[in-house]
Structure formats: structure tokens, C-alpha cells
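Data block below; observations after.
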Protein chains: 2
Amino acid sequence: MTRTPPTKPRKNALQARSRATVDALVEATARILVQEGFEKASTNRIAEVAGVSVGSLYQYFPSKEALVAAVIDRHNEEIMALVRAALTEVADLPIETAVRKLVTVAIEAHRIDPKLHRVLAEQIPRTGQLKDVEAFNREVHTLVRAYLESRRKEMRKIDPGLATFICVSTIEAVAHNTVLNHAEMLSEKTVRTLVDETTRMVVGYLR
Amino acid sequence: MTRTPPTKPRKNALQARSRATVDALVEATARILVQEGFEKASTNRIAEVAGVSVGSLYQYFPSKEALVAAVIDRHNEEIMALVRAALTEVADLPIETAVRKLVTVAIEAHRIDPKLHRVLAEQIPRTGQLKDVEAFNREVHTLVRAYLESRRKEMRKIDPGLATFICVSTIEAVAHNTVLNHAEMLSEKTVRTLVDETTRMVVGYLR
DNA sequence: AGGAAAAGCGAGCGAATGCTCGCATTATAT
DNA sequence: ATATAATGCGAGCATTCGCTCGCTTTTCCT
């Protein structure tokens, strides 16, 4: 049995001052992860950058992992907000429009903070946050699947679960590789072409 | 400037005994990564599992990273062997056949050692091996692109670089998610369905 | 056989890290 | 104003880890 460090807050921040401390710690963790890498993200350094003492850090976070987990959560919430909004928006629109929107949002989501995204993707398995991240993934699948099922008439006969799996995997991968490989060198035109092509592929597949 | 540890062998193993030592060390590193995780893969532990002293370890590997790099290299070579063979085999065959073969091989490649694959994917960025891994990626792209260009007649008018990017991303992602999510629970039938669907999507996109 | 080169050994050094604990400061309630 | 709770502090303990160095053993070559 490998002992997984706890990731839940030790106590809840009640007063304004302590809420600020917690925020500063999470923010500092994110900044260090992006600018200096995971190795440099020691609790001492995080506290230093946050302008807080190590002691205070351990008042609110039982372990280093808990801090990273908090950053992951924050980032995932940002992304999920985009995805949820997009899917609500296209709920009653035809497949072509919906897929295009989804692809666009996927790329946007990866562009929120590519460097943080990359570092987090690497660190997730070691934070015990895998379960939470999987929960987000499942939510995406559920939402997409619900949409696809509501649009069955426009589609060929196809297993909804399988279709969802393939569509989500594809869109996610294109967005991921686009942003992480081509870095910041992304013209508007390139993005539009990419969205067009991916949309064409997915829509062609569905019907 | 962050100092990246060297990853080249300190000296070359010449005699049979030392070659065995080197192999034992790489093998031990892989086993620990898979069974106990990156955290537990200390040089002392690696030497212990390999049945070798730390001193000997440092005769051949200048750093811990060098060991992980060796494991990555070995694994990548196995995968590339499969991919190269597949692409040679289908060089003169029509798109439908070629894509089906590629998808199949991609899944096979991920199934070689899923756990190792996962751990390595997480650890690659911190070993300075990113460049080598990118080289493999570029090779795949080059090979696929060459194939696609040789089959232009079967395809619609489409930018070869873009098509390659989308196809490789898609196939890789489906294989990756299939193996890593559904773990070992993969019936032959499931795999065949998945290959069929992915092939359909990619082929439909190309023409 | 004998000497040189190659390979192997492992106690332990120095540096870094996660985290605790006893105490100081600030906010809230009465 | 006083008491109580909440928050903040940071030196330092305990541990781990990467790696070195002086030495022994094995192999190779003539």
C-alpha cells in the first residue's frame, strides 16, 4: 500500500485575511510550476513567493500535493466553464454548427494557459487528483453524448458511446497538439483552417 | 539557466559482464517505474533491484535522468520498429488498407507495455529527452506524409502537411485513450469495432 | 604467471525537502 | 477593555537522495 498524501484543506479559511493567504498560495504554486517547473516547487519556495510562512501554508494545505491539486482544480474549472457554456449554447443547433463550436472551444480552452496545462498534465498522476480529473472527463463525455443522442436523426446508425469516445478523443487531440506543438505561433487563419478540417472530419464521420 | 543533467553514458561497456550490468540497470529502472512509480526510482533503489552497487551504476550512467532516458529510448525503438514495418508493408496499398493497418499498429504499440508508456509519457519532459522523442514524432509524420503524397489520386485536394497532422493526431489519440482508459479490459471484438470506426472516419476525411 | 586495465563495491557526504511546534500577532466578541 | 479564537511565523528536525571516492575483484593480454 502506497500512502497517498491527503489533499483536502486542513481547515477552511474563514476571515478575509486567511482567504487571501490561501489564494496567494495557490497563485504562487501555479506561477512556480509554470516559470520554474515542478522540481522547484518546494513548500518553502511556494511560501516564500506567496509572501507567507511555511507554517501558514500547512495551516491550510496538509501537503505539497494538496497545493498542486488546488491548482489543477482551478484550471479544470476554467476549462469546464467554457465547455459547459458551449454545449448549452449549441444544444438545439445542427451537428455541423455544434461540432465547429466544440472544436473552437477546445482550442480556446487549451490556449488559456498552455504552459500550466502542460505542467499539470504531467503532474496529475502523482497528486491523487486522477479521480477528479476523470470526473471532468466523464462530464464532458456525458454532455457530448446527450447532445449526440438528441440529434440522432441527422446521424447514421451508430453506437452513441463509441461515437462520443471517438469524437471527444479526436477533438481533444487536435486541440492539444495544435497548441502544445505550434506553441504561440498560431495565426488566426491557421486556426480557422484547422477548425474547418477537424469539423469536416468529425461531421463526415457522424453522418 | 537551469542545468540539465548529462544523459550520455560515462563510458562504454566493452566486456560481456559490464554489458550485462548496463542491461540489468535499464531493466531495473523500467520495472521500478512501472511497479513503484517515479518517486521510488532512486539511484540507490535502482542499483539494489539490479543487483549492482551504486558505484557501478555511476560508471555507466552519469545521472538518474540518463537511466530514464535509456528506458525511453528502448521503448521508443520498439514502437518505431512496429510503425516503420507497417508503413513499409502498406507503401503500395490503397488508402483504406493502409489506414486500417496504421490504426491497428497504433493500438498494438500502445499495448506493448501500457503502464510503462504512461509513466514515460509523464516523465519525458523532465529528462531532457523531449528532443529525442520529438525526433521520433517527426519521423512518423514524415513517413505518413510521404505515403499520403504518393496516393494523391485517391484523395481530394488537401494540404498534405495538414492532413498528416490531423490523421496522426487522431489515430494516436484513439489508440492512446483506448489502451489507457479501458486498460486491459479490451476484447478482440471491441478493438475490431474501434479500428473499423476510426478507419472509416480517417478515410472518409481524406477523400 | 603476472601485470595492467576494466569492472565492481558500498559507506557516507553534502544538499535539499517536507513538515512540526512553540510562540507572536491580529481579529472578533462580549 | 479583556478574553478567546483565528491567523501567522520561521528555526530546525528528520529524512531522503544523488552522487563520490578509495578500495577490491575480475578479466584480458602477453
Wholly enclosed helices (runs of 4 or more DSSP H) of region A:82-150 bearing at least 3 residues open to solvent by less than 40 Å² (accessible area, probe 1.4 Å) and farther than 17 Å from A:Val174 by Cα
A:114-123, A:130-150
Need the failing condition index for A:Ala41 against (1) within 13 Å of DNA strand D (Cβ to nearest atom); (2) touching a helix residue (DSSP H, G or I) at 6+ places or on another chain (Cβ under 7 Å), just the number.
(1)
Scope region A:26-74; condition aromatic (Phe, Trp, Tyr) and part of a helix (DSSP H, G or I); matching residues:
A:Phe38, A:Tyr58, A:Tyr60
Would you say B:Val174 is closer than 27 Å to A:Asn137 by Cα, of a type outside the set (D, E, K, R) and in contact with a Pro (Cβ under 6 Å, 6 or more places away or on another chain)?
no
Region B:176-200 - residue that is among the charged types (D, E, K, R) and assigned to a helix (DSSP H, G or I) and, of those, farthest from A:Leu162 (Cα to Cα)
B:Glu188
Looking across region A:54-63 at residues that are closer than 11 Å to A:Leu25 by Cβ and open to solvent by 30 Å² or more (accessible area, probe 1.4 Å), the single one that is farthest from DNA strand C (Cβ to nearest atom) is A:Tyr60
All positions within region A:176-207 that are β-branched (Val, Ile, Thr) and open to solvent by 50 Å² or more (accessible area, probe 1.4 Å)
A:Thr190, A:Thr193
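Could you run through region B:155-175 and say how many residues are in a helix (DSSP H, G or I) and either open to solvent by 50 Å² or more (accessible area, probe 1.4 Å) or modelled with pLDDT under 95 (or both)?
Of the residues in region B:155-175, the ones in a helix (DSSP H, G or I) are B:160-175.
Now restrict to residues that are either open to solvent by 50 Å² or more (accessible area, probe 1.4 Å) or modelled with pLDDT under 95 (or both): B:172.
Looking only at that region, the number is 1.
The values are calculated or read from the model by the stated rules, or taken from the named source; none is laboratory data. Everything numeric in this text was worked out from a predicted model, so none of it was measured. Backbone-built Cβ (ideal geometry, glycine too); neighbour counts: all protein chains shown. Accessible surface areas use protein heavy atoms only, side chains included; no ligands, DNA or RNA. Shrake-Rupley method; radii C 1.70, N 1.55, O 1.52, S 1.80 Å.
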